[in-house]
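Peer 1: Before I ask anything, let me first share the structure, which is written out below as structure tokens.
No lab work stands behind these numbers, since they all come straight from the coordinates. Because the structure is a prediction, the values reported are computed rather than measured. Ideal geometry is used to build each Cβ from the backbone, glycine not excepted, and the neighbour counts take in all protein chains shown.
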């Protein structure tokens, strides 16, 4: 066990070092992410003025929506996986994946550690700007900080959002074993993600217009756990038994995609070795 | 017992055939034609512990496919193979900790980091004890003379330096079997020589089993006592390098140096004239004819010097490759529809 932990730590350390090679590009990319906030504030002010209503579906006031948007940024900082699926597909196409067939190392475990390293470096760079933006926008959080147990649930949902995002996108990358190029597939996924993860607006707005038969799907679909769910938990929009059920459903999706990802890898390796490398 | 045992190993691929043009691209969406390619067509081979064996063959002969099969990257269509008792394509970690594969055209090191970081990672992946790791690394860096380059990002190393680092990475866990696929490809003569010298020294000291594929006859001549020639997925020859000439060369080269600059015009009757630079003439003479021709020319002409040589090895092998590909083309199957 000790030696295994040490292996993980070494992989993590080396991945962090590799990320730091590109620190300039990273810092710039991080700062650019904050620009859309200003547009969002203007947009929602205009939407609420035009709708001439205090609240929209789900009991969201204008301030709530802007606070929600800021929180989904936190959620996406955990769940978005830039370059993961396309990276796996590229490794398959260019034959780099062989390394994982020849060396005694687990592909998914290695990718997960590399992604944790990626995220840690990102947080180290982004925590300053994030803190500043939240401080400047503190008035939009009309209820202030949530209760400790709600905050704990928020943190748990963020960590699971990371795992869910990772296994979901890694599974898409594994499709590269069958189709050498996954970029169009990834585009379709991004499109769905854009609407159904709730990172542009609270899903309550969307779900209010869905037909009855689609409601159960909307309630349990996996993408909402990438951005909507953690933010809604923080703002107290999901509480009590709904919160517990939500966390269980999120955990179930994590396990589901973990299995999908591993099965896809095994079948992919089998196909790869059958058809030539 | 043999370290590597191969019996009736076969590997075929289906390759998508696309005709030229847009129309063909569109119809290809609905109906595709495939061609069956038999990369390896039934190979039997035994390699004993401590042998250094070279695979020779033209491009597409099946050398790399065989190495991929033995390292478990691909699984065969038919046949079996055991390396140190393991079936390679089962890919057990036990097996993977005991062999290494180096591909001259593929990079295993982390591009943006110094090689020392990749080595550290290998230490963990292969569970190498710290003392052993330090000792092996010191030994290998000294042998390859790359101590100063360990802390330089890999992307800033020359091709030759990078290949040395690849070799170190592959040998850190002291593999018992090493597969080398074109390890000197693209390297200059000095770098090639350095790598050869290192491999020879390492193999003699460690007594590990090495299978090497290469296009450079010099690699093979410098390193391997045993040569296996593969062409069109089959073994054509298995023996010593010198034996190739004996088995496959049908002629010898006879050089005659005449006393004066006058060269007789009727030498063509003894064999094919290769070169005439008075007073020297080079003739290609059938092996069976050589003693008769030699005694005739010695009796008929006044000669300053005579020599009989085997044709150059490269030439014999090139001829052998051409013959084998002509022979194998005959039984190439028709495209299969799928």
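Peer 1: Given that compact globular proteins tend to follow 2.2 N^0.38 Å, what is the ratio of the alpha-carbon Rg of the protein assembly as shown to that value?
Peer 2: On the way: Rg = 33.3 Å, N = 615, 2.2 N^0.38 = 25.2 Å.
Scaled against compact globular proteins, the figure is 1.32.
Peer 1: Over all Cα pairs of segment B:94-203, how is the pair count split among 10 Å bins, expressed in % and running from 0 up to the last occupied bin?
Peer 2: Percent of pairs per bin, in order: 14, 51, 32, 2.
Peer 1: Mind pulling the per residue volume of the convex hull built on the Cα atoms of segment A:186-252? Å³ is fine.
Peer 2: So the per-residue Cα hull volume is 96 Å³.
Peer 1: Tell me the Rg and the Dmax, in Å, that the Cα atoms of segment B:43-99 produce.
Peer 2: 11.8, 34
Peer 1: Still on this structure, please answer the following. Along each of its three principal axes, how wide is the spread of alpha-carbon positions in segment B:250-309, in whole angstrom units, largest first?
Peer 2: Sorted largest first, the three principal extents are 31, 22, 19 Å.
Peer 1: Related question: Given segment A:162-277, report the % of alpha carbon pairs whose separation exceeds 25 Å.
Peer 2: Percentage above 25 Å: 32.
Peer 1: Still on this structure: Across bins of 5 angstrom width beginning at 0, how are the C-alpha pair distances of segment B:19-61 distributed, in whole percent?
Peer 2: The calculated distribution, bin by bin, is 5, 13, 14, 14, 10, 11, 9, 7, 7, 6, 4, 0.
Peer 1: Quick check for you: which residues of segment B:65-81 have the amide N under 16 Å from the point 7 Å beyond the Cα of residue B:238 toward its beta carbon?
Peer 2: From segment B:65-81, the list is B:66-67, B:70, B:79-81.
Peer 1: Based on other C-beta atoms within 10 Å, arrange B:40, A:255 from fewest to most.
Peer 2: So the residues, fewest neighbours to most, are A:255, B:40.
Peer 1: How fast does segment A:1-74 diffuse by Stokes-Einstein, in µm²/s, taking the Kirkwood radius from C-alpha pairs at 37 °C and 0.692 mPa s? Mind showing how you got there, number by number?
Peer 2: Numbers: Rh = 15.9 Å.
The estimated diffusion coefficient comes to 206 µm²/s.
Peer 1: With label points built 7 Å along Cα→Cβ from the Cα atoms of residue A:220 and residue B:292, find their separation and express it in nm.
Peer 2: The two pseudo-label positions are separated by 9.2 nm.
Peer 1: Here's another thing I want to ask about it. Any idea what Rg and Dmax come out to for chain B if you just take the C-alpha atoms, in Å?
Peer 2: For chain B, the Cα radius of gyration and maximum Cα-Cα distance read 25.1, 77 Å.
Peer 1: How big is the shadow of the Cα convex hull of segment A:159-201, averaged over all directions, in nm²?
Peer 2: The orientation-averaged projected area of the Cα hull of segment A:159-201 comes to 3.2 nm².
Peer 1: Given the alpha-carbon gyration tensor of segment A:21-141, what are the semi-axes of its equivalent ellipsoid in whole angstrom, ordered largest first, with each equal to the square root of 5 times an eigenvalue?
Peer 2: Computed over segment A:21-141, the values are 39, 17, 12 Å.
Peer 1: Averaging over every viewing direction, what projected area does the convex hull of the Cα atoms of segment B:168-288 cover, in nm²?
Peer 2: Dividing the Cα hull surface by four gives the mean projection, 11.6 nm².
Peer 1: How large is log10 I(q)/I(0) at q = 0.20, 0.23, 0.25 Å⁻¹ when the Debye formula is applied to the Cα atoms of segment B:131-174, each weighted equally and without solvent?
Peer 2: -0.58, -0.75, -0.88
Peer 1: How compact is chain A by the rule of thumb for globular proteins, expressed as Cα Rg over 2.2 N^0.38 Å?
Peer 2: That works out to 1.08 for chain A.
Peer 1: What is the Cα convex hull volume of segment B:10-166 when expressed per residue in Å³?
Peer 2: Values: hull volume 30.3 nm³, N = 157.
With only Cα atoms used, segment B:10-166 gives 193 Å³ per residue.
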